[in-house]
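Colleague: Structure provided below as structure tokens; questions to follow.
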Amino acid sequence: MQWVTYDAGEGIRTGIIDGESVRGLAPGTTLEGLLSRGVETLHEAGADARRSPTEVRPLEDVKLLAPLRRPPSVRDALCFLDHLRNCNRALHRDPTLHPAWFQRPAFYFANADAIVGPYDDVPIAPGSGMFDLELEVGAVIGRGGRDLHPDTAEEHIAGFTLYNDWSARDHQQLDRAQGIGMGKSKDSAITLGPALVTVDELEPYRRDGRLALELSASVNGQELTRGCLDQMDWTFGEVLAFLSRGTDLRPGSVVGSGTVPGGCLLEHVDTPDLAGFTRWLQPGDVVSLRGEGLGETSQKVVAGQDVIPLRVLG
């Protein structure tokens, strides 16, 4: 099933896509609420939406929002090591990775209050002159757990959605200097959508045990990169096993795959021949992500708020 959160002018609703229509559930129903009661509840609600929806709307008449507007948590992993190699090459002229990257997956907690929909305008992070996109896929937890095994942890995933980890690269330099992890550089916007596509719907794309979804990103209609989800160095099963060590993964939580290699402007800073795109995002740019089986996002970048200055210590 393809679960969506939408607005048809009479309040925000949750439903499923059925062809060219949306079959909605009762007002007040949310994906977060359904998932909190278990994957079985989600499946039963989907069957209800097919059999006896509260409303049916043409898809073209509704505005699709982020399917999960306020998930319990958002974590972003880094599963494609070539993305990091490319970034290191652009920043330091050296693609070599520290041995730690091969010992365990890396992740950080992202801002669940910064989620935007798949067609919403995205303001540039305040004060940033190096605003960037990141092409990712988000896994949504359907069944909670702790200390999961990497061989079975993917069974806890309810479905997947496109994920754009908007990034302020100039702010990121200060975050790194402070040494306590990602901060304001990753705090302004996270795109989810257009739908939460359940695992069973994506089974035709599975190859050798992995989802082989073709993914791409473009800016102003010009393709930036193209890749495949099955090229992850760390699998979602391994990531979820690591994330759940000594802590609970809650239903509805989102875990990002990390950036598909080539899926951000930073990776192309010194290699314009790869995409012909040699600058950072500016107001008016249109950024689109596409994912096989997942749909497409399309968002306009707009000017951000002016920075209210802080005093400088010392």
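Colleague: Which residue out of Arg104, Arg50 is exposed (fewer than 15 other Cβ atoms within 10 Å of the Cβ), more than 17 Å from the chain's Cα centre (by Cα), part of a loop (DSSP other than H, G, I, E, B) and not acidic (Asp, Glu)?
Modeller: Going through Arg104, Arg50 in turn, just one is exposed (fewer than 15 other Cβ atoms within 10 Å of the Cβ), more than 17 Å from the chain's Cα centre (by Cα), part of a loop (DSSP other than H, G, I, E, B) and not acidic (Asp, Glu): Arg104.
Colleague: To continue, here is another question. For region 234-257, how many residues meet the condition of being buried (at least 20 other Cβ atoms within 10 Å of the Cβ) and over 16 Å from Glu154 (Cβ atoms)?
Modeller: Qualifying residue count for the region: 1.
Colleague: Between a residue in region 76-102 that is closer than 19 Å to Met130 by Cβ and modelled with pLDDT under 95 and any residue that is of a type in the set (Gly, Ala, Ser) and assigned to a loop (DSSP other than H, G, I, E, B), which pairs come within a Cβ distance under 8 Å, given they are 6 or more apart or on different chains?
Modeller: Final answer for the pair search is Asn86/Gly262.
Colleague: Looking at Arg13 and the list (1) buried (at least 21 other Cβ atoms within 10 Å of the Cβ); (2) assigned by TED's automatic domain parsing to the domain that holds Thr297, which single condition is not satisfied?
Modeller: Looking at each condition in turn, Arg13 falls short on (2).
Colleague: Can you pull out every residue in region 131-149 that is assigned to a loop (DSSP other than H, G, I, E, B), touching a Leu at 6+ places or on another chain (Cβ under 8 Å) and more than 22 Å from Gly227 (Cα to Cα)?
Modeller: Selection gives Gly142, Gly144, Leu148.
Colleague: Do we have Asp147 as under 17 Å from Phe107 (Cβ atoms) and not aliphatic (A, V, I, L, M) here?
Modeller: When the stated conditions are applied, Asp147 passes them.
Colleague: From Gly276, Gly221, grab the single residue that is farther than 18 Å from Leu84 by Cβ, at pLDDT below 95, surrounded by fewer than 17 Cβ atoms within 10 Å (Cβ to Cβ) and over 19 Å from the mean Cα position of the chain (by Cα).
Modeller: Testing whether each residue is farther than 18 Å from Leu84 by Cβ, at pLDDT below 95, surrounded by fewer than 17 Cβ atoms within 10 Å (Cβ to Cβ) and over 19 Å from the mean Cα position of the chain (by Cα) leaves just Gly276.
Colleague: While we're looking at this one, here's another question. Applying the selection to region 173-211, what residues are surrounded by 17 or more Cβ atoms within 10 Å (Cβ to Cβ) and free of Cβ contacts under 8 Å to residues at least 40 places away in the same chain?
Modeller: Result: Asp175, Arg210.
Colleague: Here are some residues: Gly262, Gly304, Gly284. Which one is free of Cβ contacts under 8 Å to residues at least 40 places away in the same chain and closer than 27 Å to Gly129 by Cβ?
Modeller: Matching residue, one of Gly262, Gly304, Gly284: Gly284.
Colleague: Taking the condition surrounded by fewer than 18 Cβ atoms within 10 Å (Cβ to Cβ), in contact (Cβ under 8 Å) with a residue 40 or more places away in the chain and in contact with an Asp or Glu (Cβ under 9 Å, 6 or more places away or on another chain), does Gln231 pass?
Modeller: Yes: the conditions hold for Gln231.
Colleague: Show the residue pairs meeting these rules: Cβ distance below 7 Å; 6+ apart or different chains; first residue within region 142-167 and under 27 Å from Arg290 (Cα atoms) and not assigned by TED's automatic domain parsing to the domain that holds Cys79; second residue modelled with pLDDT of 95 or more and hydrophobic (A, V, I, L, M, F, W, C).
Modeller: From region 142-167, no pairs qualify.
Colleague: Any residue that is in contact (Cβ under 8 Å) with a residue 24 or more places away in the chain, over 14 Å from the mean Cα position of the chain (by Cα), under 12 Å from Glu136 (Cα atoms) and in the same structural domain as His92 (by TED's automatic domain parsing) - is there at least one of those in region 235-247?
Modeller: no
Colleague: Go through (1) of a type outside the set (Val, Ile, Thr); (2) farther than 18 Å from Leu162 by Cβ; (3) in contact with a strand residue (DSSP E or B) (Cβ under 8 Å, 6 or more places away or on another chain); (4) assigned to a loop (DSSP other than H, G, I, E, B) and name the single condition Gly15 misses.
Modeller: The single condition Gly15 does not satisfy is (4).
The values are calculated or read from the model by the stated rules, or taken from the named source; none is laboratory data. Remember, predicted model here, so these are calculated numbers, not experimental data. Note: ideal-geometry Cβ built from the backbone for every residue, glycine included; neighbour counts use all protein chains shown.
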